[in-house]
Structures are given as structure tokens and as C-alpha cells.
């Protein structure tokens, strides 16, 4: 599963595509995306894009490669055009892992005009409701921005929002979630996108509720489990679907395997949820270096308890 962040390509699947685009600091990068649907069942040919593949922090030089003022989203716009040219009639953009706070202006300029995407359903999947004007203050420090840079980025977002209003008539500052990925979501709204809660949108596409109806156990995960994990993110979404099934008469247990977890969550997890913290149980070194093996081990241990 995915809530619209990194992992969206794996969650939705589809035919693998790659396009060479402009990376966050201008160097050319090979970005993977997916193409699915378009069958006789009436589903539109759908492109799936993770913005991080073109403008993510993982693409920055390490160590200390952050450049929060200069990093841009041009490559995301280039992926939109590649998807359009491949025949996609729906494009889903996941917002997560961003290195940028350019308000999506790089993507907006790469596309050129909203008319370039006429006839295409453009969907932004994200797990935050941050407004466009707050993107710098909320996300800038996570991307290495100093206090002075946060102020500079905030002023720039005001100017970008004014430009979008002037050129498209859309006030991106009024849209919940417009600040996702440093305002990229708002820039895509200016191009005609709508913002959807990422978990709900992906769950609908993969038919998660129906799959859980047939399940004896749901296993989910999180890098670090804390209270926000239960608001718009995968663990909370899976738990709510499991509870909904329980209200219909058949409870579904949920195990969340986390890299780490807040002490409060470990001590008092939400009802219906078993939490395993790999760091707490095996130590941080093993949790980071043997992640897949430890997830397999914990899952195998859970099966006899819940699926005798």
C-alpha cells in the first residue's frame, strides 16, 4: 500500500517506463514511472508518477547536498508530458520525498499551459492537508532550509501563488493539501489537478477493502510509528478498514511492523492493532541492515497466533 508518497509505483503496478528528465538541481536523471489500465473494462490508460523520482531528496548529492532554495520540479512537468505523449488519459502524481519548495513552478513552466493537458484527468495523491502558503514553514526545515531560507521561500510562494491566480484564475492558497511536496500539489492544481487523500485513492484503485474482506490478518508497516501515522497514512487507513469490517461482525486483526515507534504508541497502541518495533526488539543496527529478513521473521511469528 501507499498513501501517495514513495512506494506508489510498487503499490499500483503497471508497465514500467523510464524517461530522462531534469533533476532537482538541473542534472539529468532517469526517472521511472508506470502505465496501467486502458483495458476493455473502460478503465482509462493511467500513468503513475512519483514526484520523488524526478525531484526527490534521494537525488541530491550526499552528504550535505540539500539546496532548498534552488531545488526545482521541472522534471515532474517533463514526466507529465511523457505520460501524455504515451497516451495516458489519467495521470496520478504521488507527493512524497520532495527536495523542493518551488511551489511547483518548475513543473508548471515545463508543461507550459494547462491546455497542454486538456482531456487528461490529473490527480494528486498526498497524505497532508498543509496549505500552499505554509509549505515553506512546515516542510522547509526538513529539507535543510535555514530560518532565513524559510522566509525567502515563503515570500517566493506568495509570488508564485499570485502568478497562478493571474494566469489561471485559480487560488491555490485556498486548497487543502496545496502545500504538499513544497507546493508542487498547488502548482498541479493550477494545471487542472484535483487533490485526493492518498490512502483512500490508492485503496480504491487496488480494491483493498474487498481484499480485507477475505483476509484473516492484515500486516502493514511504517518507518516510524507515531500518532500522525493514524491520520491519513497507511497504518491508520488499514486499521480503519479493519475496524469497518469488524463493525459488520467479523473482526480483522492488524499487525504493524515499524522500523521504530514512539514509546507511547508501543505502550498503548490503538485498539485492534499489534505493534512490533524492529529497533526496539532487534536494535537499530539490525533494523536498518536486515530489514527485509526481520519483517519476514516477525510476520512468520504472527501467522500461528492469528491464522492457526
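Quick note: the coordinates plus some simple rules give every number you see, no bench work behind them. Note that this is a predicted model, so its numbers are computed, not measured. Cβ: placed from backbone, ideal geometry, glycine included. Neighbour counts: every protein chain shown.
Structure above, values below:
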| read-out | value |
| --- | --- |
| Contact order normalised by residue count of segment 208-306, Cα under 8 Å, 6+ apart, percent | 26 |
| Relative contact order, percent, segment 60-113 [alpha-carbon distance under 8 Å, six or more residues apart] | 56 |
| Of all DSSP beta bridges in segment 8-200, antiparallel share, percent nearest 5 | 45 |
| Rounded if a/c under 1.5, otherwise prolate or oblate - segment 193-285, Cα gyration tensor axes | oblate |
| Acute angle (nearest 10 degrees) that the helix 147-168 long axis makes with the longest principal axis of the chain, alpha-carbon atoms | 70 |
| Modelled FRET efficiency - R0 35 Å, residue 267 with residue 211, Cβ distances, 0.05 increments | 0.70 |
| Degrees between helix 234-247 axis and first principal axis of the chain (Cα, 0 to 90, nearest 10) | 50 |
| Using alpha-carbon coordinates, inclination of helix 180-190 to the longest axis of the chain, degrees | 60 |
| Identified option (computed Cα extents along the principal axes in Å; candidates (i) 59, 54, 44; (ii) 65, 45, 36; (iii) 60, 51, 34) | (iii) |
| Contact order normalised by residue count of the chain, Cα under 8 Å, 6+ apart, percent | 15 |
| Helix-only CD estimate at 222 nm, as mean residue ellipticity for the chain, using -39500 (n - 2.57) per DSSP H run (n ≥ 4) | -11500 deg cm²/dmol |
